[in-house]
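The values are calculated or read from the model by the stated rules, or taken from the named source; none is laboratory data. Since the model is a prediction, treat every value here as computed from it, not as a measurement. So basically every Cβ, Gly included, is an ideal-geometry build from the backbone, and we count neighbours across all protein chains shown. Only protein heavy atoms, including side chains, enter the accessible area calculation; ligands, DNA and RNA are left aside. Shrake-Rupley method; radii C 1.70, N 1.55, O 1.52, S 1.80 Å.
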Amino acid sequence: MASSAQAAVPLKLTGRSGGQRGLWAGQDETISQASVALRIPRTVLALLGGAALGLAGTVMQGVTRNPLADPGILGVNTGAALAVVIGIAWFNMSSTQAFVWAAIAGAGGAAILVYTIGSLGRGGATPLKLALAGAATSIAFSSLVTAVVLPRNDIAGGVRSWQIGGVGGADFERILAVLPFLVVGFVISLLSAKKLNSLALGDDMAAGLGERVATIRAVAAFGAILLCGATTAACGPIGFVGLVVPHLCRLLLGSDYRWLLPFSALGGASLLVLADTVGRVVARPGELDVGIITALVGAPFFIWVVRRQRIREL
């Protein structure tokens, strides 16, 4: 009877003896190590994904000379998401490598479509026309994602959670699968700095300086598409990082892309890690995905940017 009564006492109350304290300390240490092991890959993914989105947004703004350009606003992330969802639902894709290739193809197709639509009519690809074309394309692609997922109850839950955008459940296998694409995207984008400075002077001036304007746009856009596609495959479509970070960096550093590009990568990484931390703190014991936090910050920022630019042309 005595032993039974003692066994019923919670461990934390019987931890007076040295052996029991050691057991409790060992359990605490194991839990702490497991927690750290889970947080390291999600932090690494947040750093890489945030850097990629911040850099991609700056490149897109330079390529289009559009202050509203952002992988989410221009529909690039949604195009990548649609391609991944189609691959899962119709072709039974399951590997991260396949997700990356599908996402890059979808991001590239969406970018071409939005730029083509935005270039129609008088004045060419004005900032407002590109933003409207991107918003319309994003809404259309989101509806298509719903249409593809709706009859598939077996994948609906996972896809809807992934669509929010987050770094929870990250592991190094996923990171290593997207890392080569991110590295190539980083290199191409960073090497485009001087060419983007030429584009900022205007197409005619850049051509007069001997630059091949179409080639510059294509190469720089390809780097941004690689970054967007790989990040979307790993994290889901996270919006507004590519809008908020470049504008903040311009306020601090000016408009020289040799400084803007690397600092936009650093700013994006910092923003996504901060968003992940805030999401875990404010919703304890659960968490809010980073896509929700960036949307809460980015939506009002987008309105401010639109008002500040005072766009007059349609």
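Tabulated data
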| item | result |
| --- | --- |
| One residue from D154, D171 being closer than 23 Å to T294 by Cα and acidic (D, E) | D171 |
| Residue list for the stretch 138-185, filter: surrounded by fewer than 22 Cβ atoms within 10 Å (Cβ to Cβ), of a type in the set (S, T, N, Q) and more than 22 Å from A275 (Cα to Cα) | S142, S143, T146, N153 |
| Residue count, the stretch 298-314 (criterion: among the aliphatic types (A, V, I, L, M) and either modelled with pLDDT of 90 or more or open to solvent by 70 Å² or more (accessible area, probe 1.4 Å) (or both)) | 2 |
| Boolean, S255 is surrounded by fewer than 20 Cβ atoms within 10 Å (Cβ to Cβ), more than 17 Å from L296 (Cβ to Cβ) and of a type in the set (G, A, S) | yes |
| Search result, residues across the stretch 119-132 that are touching a residue at least 24 places away in the same chain (Cβ under 8 Å) and either under 20 Å from F240 (Cβ atoms) or crowded, with 18+ Cβ neighbours inside 10 Å (or both) | A125, T126, P127, L128, K129, L130, A131 |
| Test for A206: is it of a type outside the set (S, T, N, Q), in a helix (DSSP H, G or I), open to solvent by less than 20 Å² (accessible area, probe 1.4 Å) and without any contact (Cβ under 8 Å) to a residue 60 or more places away in the chain | yes |
| Hey, A214 surrounded by fewer than 19 Cβ atoms within 10 Å (Cβ to Cβ), small (G, A, S), assigned to a helix (DSSP H, G or I) and at negative phi or not | yes |
| Yes/no for A230 being out of contact with any Pro (no Cβ under 6 Å at 6 or more places or on another chain) and at pLDDT 90 or above | yes |
| Where a residue in the stretch 227-239 is closer than 16 Å to I293 by Cα and its partner, wherever it lies, is among the β-branched types (V, I, T) and in a loop (DSSP other than H, G, I, E, B), with Cβ under 8 Å and at least six apart | C235/V167; G239/I73 |
| Residue selected from the stretch 280-297 under the condition buried (at least 23 other Cβ atoms within 10 Å of the Cβ) and touching a residue at least 24 places away in the same chain (Cβ under 8 Å), by the criterion farthest from V244 (Cα to Cα) | D289 |
